[in-house]
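Visitor: Right, I'll just put the structure down here and ask away after.
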Amino acid sequence: MNDRGSSASSTAKRARVRGTPKGRRADPKAREEVRALLKDAPLRRDLLIEYLHRIQDRYGHLSAAHLVALAEEMKLAMTEVYEVATFYHHFDVIKDGEAPPPAITVRVCDSIACDIAGSHELLAKLPGILGKDVRVLHAPCIGRCESAPAAVVGQNPLPHATVEKIAGLVKAKAVKHAAPGHPHMEIVNPAYVDYAAYRAKGGYELAKACVDGAKKREEVIAVMENSGLRGLGGAGFPAGRKWKSVAAEPAPRLLAINIDEGEPGTFKDRWYLERDPHRFIEGALVAAWAVGIEEIYVYLRDEYHGCRAILEKEIAALQADPPCRLPPIYLRRGAGAYICGEESAMIESIEGKRGMPRLRPPYVAQVGLFNRPTLEHNMETLHWVREILEKGADWFASQGRNGRKGLRSFSVSGRVKKPGVHLAPAGITVKELIAEYCGGMLEGHQFYGYLPGGASGGILPAAMGDIPLDFDTLNQYGCFIGSAAVVILSDKDRASAAARNLTKFFSEESCGQCTPCRVGTAKTLKLIERSQWDQPLLRELSQAMMDASICGLGQAAPNPVLSVMKYFPNEVA
C-alpha cells in the first residue's frame with residue numbers, strides 16, 4: 001500500500017511540476033530572434049502562417065530551432081507548427097545539419113501557358129549559367145500567363161523571361177539584396193488608382209450611402225439578384241442569392257475574399273488589383289453592410305507580392321480617413337498552395353492551418369471561418385458591385401451575347417497576338433474572342449484547340465470554337481468556363497502534351513487528404529506518359545476520382561484527359 005501510494009504521489013508531483021510541453025526545448029538564441037520578429041503581436045493560433053512568413057522573410061528559410069521557438073512562444077505542439085510549415089510550397093523548412101538554401105531563388109513557371117512559350121528550356125539552361133549560389137526551381141502558375149514565359153527572382157516577377165534577363169537581374173540585385181535579412185528583391189508596382197484618386201472620382205460614395213441609411217438592404221440585394229451576377233472565381237453561384245442566404249444565418253457573420261487565383265491560365269484578379277484596388281474593397285464594404293458582416297478577411301496568394309504591398313498601403317489609407325464606419329479588415333497571406341483556392345481550404349489557411357478542404361455539409365455559409373456563417377467571394381465578383389448598383393441591374397444583364405447575360409473578364413494566353421485580360425460579353429465564342437479582342441493568332445500559327453476554363457475546364461478542338469463561353473454552356477461537352485481562363489493552342493501544340501502538363505500540376509498540387517485525388521492524379525500521370533493510352537483504365541480511374549474526391553481539384557482533374565480521348569483521339573491511339 002505504501003509503495004503504491006508513494007508512486008502515485010510522485011506521479012502527481014511530476015505532473016504538477018511540468019510547465020513546458022514535452023519534446024525539444026527552444027534554443028535561447030532562436031527564442032530571442034523569434035521574439036524580436038513577433039514583438040508585441042498577439043499569439044493567436046490563426047496567425048501561425050503570418051509568423052512563419054516573418055521568419056522566412058527575415059532568414060530566407062525556417063530552421064528547426066526557429067520552429068521550436070515559435071511553437072513555444074505560441075504554446076502550440078511542435079507537430080502543429082511543423083505540419084503547417086511543411087504543407088506550403090513557399091516555406092523552406094531546414095532540418096538540423098542541412099544547409100540553408102542559397103540567398104536568391106529563381107522560380108520559373110512551367111504551367112501550360114509558360115510551357116508552350118518555352119519555360120522548359122529556361123529550366124534546363126539556368127542552373128548551369130547561374131551556378132550553385134542561386135537556386136532554380138520550377139513553379140506552378142504564378143499568374144502572369146499573358147507575359148509567358150514568366151519567372152520570379154526573389155519576390156520580383158520577370159515577364160517574358162529569357163536566360164539573359166534572369167541572369168542580368170540576379171547579377172544586378174545580388175550584392176545589394178542578398179545580404180542576411182534581405183533575401184528578397186524590391187517590388188516595383190505600376191501606377192494605379194490610389195485612395196485619393198478613387199475618392200476624387202466618387203469612390204466610396206455608394207458605401208457611405210449604404211452605411212448612412214440612404215439605401216435599403218433588401219433593395220440592394222434585389223438589384224444584385226436581378227443583375228444575374230454570378231461568382232467569378234469559378235463556381236458561378238448567383239451573388240445576390242448568396243448574400244440573402246448568408247444574411248439569414250445567425251450573427252456574427254464574416255466575409256472571406258478569395259484572391260488565391262492559382263488556376264493555370266488565370267490572372268484577371270491580379271490585373272484588376274494592379275490598376276484599381278479600391279473598387280473591390282468598396283464592393284466588400286457594401287456586401288458587408290447588406291449581409292450584416294462584422295469582419296472582413298482578404299486572402300491573397302503569396303505570388304502577388306506587389307499586390308500585397310498595394311493593398312497594405314491602400315487599406316491603411318482607407319482606415320486612416322474612412323468615408324464611413326468600417327468593419328475590421330484583415331489581409332492574410334497565402335504560402336503557395338493551389339488547393340487554397342477552394343473556399344473551405346482557404347478558410348482553413350486563414351485560420352493558420354494546412355489548406356485542406358472540409359467535408360460538406362455543413363457549408364461555409366453556415367459554418368465557415370472560425371465556425372461562423374461566412375460569405376465567401378472571389379475578388380472580381382466584388383469588383384462589379386459598385387458599377388452594377390450605380391448603373392442598374394438591367395445595364396449589366398444586357399451586356400451578353402448569344403443569349404447570355406453580363407460581362408466576363410477573360411484571361412487569355414497562348415498563341416494569340418494580344419494576350420491579356422479582355423472584358424467581353426458573356427456568351428462570346430472563342431473564335432470571336434480571338435478575332436475581336438486578341439488581334440488574331442500569332443503569325444505562322446493556326447488555331448488548333450483551346451482551354452475554355454483554365455487547367456480544370458477541359459480542352460476543346462478549334463472545330464468547336466463556336467460554343468458560347470459562359471456558365472452552363474460547356475457542361476454538355478465535359479468542360480466548363482470556371483474563372484474564364486482561356487488558353488489558345490495552335491498547330492504547333494498537342495492537346496495530349498497539354499493534358500500531361502495539366503495532370504502533372506494536379507498531381508503536385510493535390511493536398512493528399514483523400515485517396516482518389518492523391519493516388520488518382522499520380523496514377524493518371526503515369527498512364528498518359530505512355531505513347532499509347534490505356535483508355536478504358538483511364539476512364540475507370542477518372543470516374544472514381546470524380547465520384548469520390550472531397551473537393552473540386554480531384555473531381556475536375558480528369559477533365560483534360562477525358563477531353564483529349566474524346567476530341568483528339570488520334571493523339572492517344
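The values are calculated or read from the model by the stated rules, or taken from the named source; none is laboratory data. Values in this document were obtained by computation on a predicted structure and should not be read as measured data. Don't worry about glycine lacking a Cβ; one is built from the backbone with ideal geometry, like all the others, and counts go over all protein chains shown. All accessible areas refer to the heavy atoms of the entire protein, side chains included, with ligands and DNA or RNA removed. Shrake-Rupley method; radii C 1.70, N 1.55, O 1.52, S 1.80 Å.
Visitor: So which helices (runs of 4 or more DSSP H) are wholly in segment 148-227 and hold at least 3 residues that are open to solvent by 50 Å² or more (accessible area, probe 1.4 Å) and modelled with pLDDT of 90 or more?
Guide: Ranges flagged: 195-200, 217-227.
Visitor: Please indicate, with yes or no, whether at least one residue in segment 540-553 is part of a helix (DSSP H, G or I), open to solvent by less than 20 Å² (accessible area, probe 1.4 Å), more than 29 Å from residue 437 (Cβ to Cβ) and touching a residue at least 60 places away in the same chain (Cβ under 8 Å).
Guide: Keep residues of segment 540-553 that are part of a helix (DSSP H, G or I), which gives 540-548, 552-553.
Applying the additional criterion that residues be open to solvent by less than 20 Å² (accessible area, probe 1.4 Å) yields 542, 545, 553.
Cutting the leftovers down to more than 29 Å from residue 437 (Cβ to Cβ) gives us 542, 545, 553.
Adding the requirement that they be touching a residue at least 60 places away in the same chain (Cβ under 8 Å) leaves 553.
Scanning segment 540-553, I find at least one residue that is part of a helix (DSSP H, G or I), open to solvent by less than 20 Å² (accessible area, probe 1.4 Å), more than 29 Å from residue 437 (Cβ to Cβ) and touching a residue at least 60 places away in the same chain (Cβ under 8 Å), so the answer is yes.
Visitor: Does residue 532 count as part of a loop (DSSP other than H, G, I, E, B) and open to solvent by 10 Å² or more (accessible area, probe 1.4 Å)?
Guide: yes
Visitor: Related question: Quick one: would you say residue 23 is of a type outside the set (Lys, Arg), modelled with pLDDT under 90, surrounded by fewer than 18 Cβ atoms within 10 Å (Cβ to Cβ) and outside any helix (DSSP H, G or I)?
Guide: Judged against the criteria, residue 23 is a match.
Visitor: Scan segment 312-322 and tell me whether some residue there is touching a residue at least 12 places away in the same chain (Cβ under 8 Å), farther than 30 Å from residue 501 by Cβ and not in a helix (DSSP H, G or I).
Guide: Scanning segment 312-322, I find at least one residue that is touching a residue at least 12 places away in the same chain (Cβ under 8 Å), farther than 30 Å from residue 501 by Cβ and not in a helix (DSSP H, G or I), so the answer is yes.
Visitor: Okay, next question. Here is a check on your reading of the model: is residue 313 surrounded by fewer than 19 Cβ atoms within 10 Å (Cβ to Cβ), touching a helix residue (DSSP H, G or I) at 6+ places or on another chain (Cβ under 9 Å) and within 17 Å of residue 88 (Cβ to Cβ)?
Guide: no
Visitor: Another question, if that's okay. Got a sec? Which strands (runs of 3 or more DSSP E) wholly within segment 406-482 have at least 1 residues that are touching a Lys or Arg at 6+ places or on another chain (Cβ under 7 Å) and over 16 Å from residue 146 (Cβ atoms)?
Guide: Details: elements: 407-414, 420-425, 447-451.
Those strands (runs of 3 or more DSSP E) span 420-425.
Visitor: Just for segment 100-120: of the residues that are part of a helix (DSSP H, G or I) and open to solvent by 10 Å² or more (accessible area, probe 1.4 Å), which one is farthest from residue 486 (Cα to Cα)?
Guide: Checking each candidate, the answer is 120.
Visitor: Surrounded by 17 or more Cβ atoms within 10 Å (Cβ to Cβ), modelled with pLDDT of 95 or more and in contact with a Leu (Cβ under 6 Å, 6 or more places away or on another chain): which single residue out of 68, 81 fits that description? It would help to see each step written out before you state the result.
Guide: On the way: 68 fails: in contact with a Leu (Cβ under 6 Å, 6 or more places away or on another chain).
Only one candidate passes the filter, namely 81.
Matching residues to (1) small (Gly, Ala, Ser); (2) open to solvent by 20 Å² or more (accessible area, probe 1.4 Å); (3) closer than 20 Å to residue 400 by Cα:
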residue	(1), (2), (3)
449	yes, no, no
455	yes, no, no
459	no, no, no
474	no, no, yes
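Visitor: Would you check which residues across segment 515-529 are part of a helix (DSSP H, G or I) and open to solvent by 60 Å² or more (accessible area, probe 1.4 Å) and list them?
Guide: Passing the criteria: 515, 518, 519, 523, 526.
Visitor: Restricting to segment 554-564, give me the number of residues that are open to solvent by 10 Å² or more (accessible area, probe 1.4 Å) and either without any contact (Cβ under 8 Å) to a residue 60 or more places away in the chain or outside any helix (DSSP H, G or I) (or both).
Guide: Here the count works out to 1.
Visitor: Scan segment 476-497 for residues that are open to solvent by 10 Å² or more (accessible area, probe 1.4 Å) and under 15 Å from residue 427 (Cβ atoms) and jot them down.
Guide: Of everything in segment 476-497, just one residue is open to solvent by 10 Å² or more (accessible area, probe 1.4 Å) and under 15 Å from residue 427 (Cβ atoms), namely 480.
Visitor: Is there a residue in segment 330-347 that is farther than 30 Å from residue 557 by Cβ and either touching a residue at least 24 places away in the same chain (Cβ under 8 Å) or of a type in the set (Phe, Trp, Tyr) (or both)?
Guide: Within segment 330-347 (the criterion being farther than 30 Å from residue 557 by Cβ and either touching a residue at least 24 places away in the same chain (Cβ under 8 Å) or of a type in the set (Phe, Trp, Tyr) (or both)), the answer is yes, since at least one residue qualifies.
Visitor: Give me a count of the residues in segment 255-294 that are over 20 Å from residue 213 (Cα atoms), out of contact with any Gly (no Cβ under 6 Å at 6 or more places or on another chain), open to solvent by less than 10 Å² (accessible area, probe 1.4 Å) and among the hydrophobic types (A, V, I, L, M, F, W, C).
Guide: 6
Visitor: Please find, within segment 30-56, the residue that is least open to solvent (accessible area, probe 1.4 Å) out of those that are among the acidic types (Asp, Glu) and at pLDDT 95 or above.
Guide: Here is the first cut: in segment 30-56, the residues among the acidic types (Asp, Glu) are 32-33, 40, 46, 50.
Filter once more, keeping what is at pLDDT 95 or above: 32-33, 46, 50.
Working: 32: 103, 33: 42, 46: 19, 50: 44 Å².
Looking at the filtered set, the residue picked out is 46.
Visitor: Ok, one more. Search segment 394-434 for residues being polar (S, T, N, Q), touching a residue at least 24 places away in the same chain (Cβ under 8 Å) and more than 21 Å from residue 272 (Cα to Cα), and hand back the single one that is least open to solvent (accessible area, probe 1.4 Å).
Guide: From segment 394-434, those polar (S, T, N, Q) are 398-399, 402, 409, 411, 413, 429; that's our starting set.
So of that shortlist, the ones also touching a residue at least 24 places away in the same chain (Cβ under 8 Å) come out as 399, 402, 409, 411, 413, 429.
Among the residues that remain, those that are also more than 21 Å from residue 272 (Cα to Cα) are: 402, 429.
Values: 402: 84, 429: 9 Å².
Looking at the filtered set, the residue picked out is 429.
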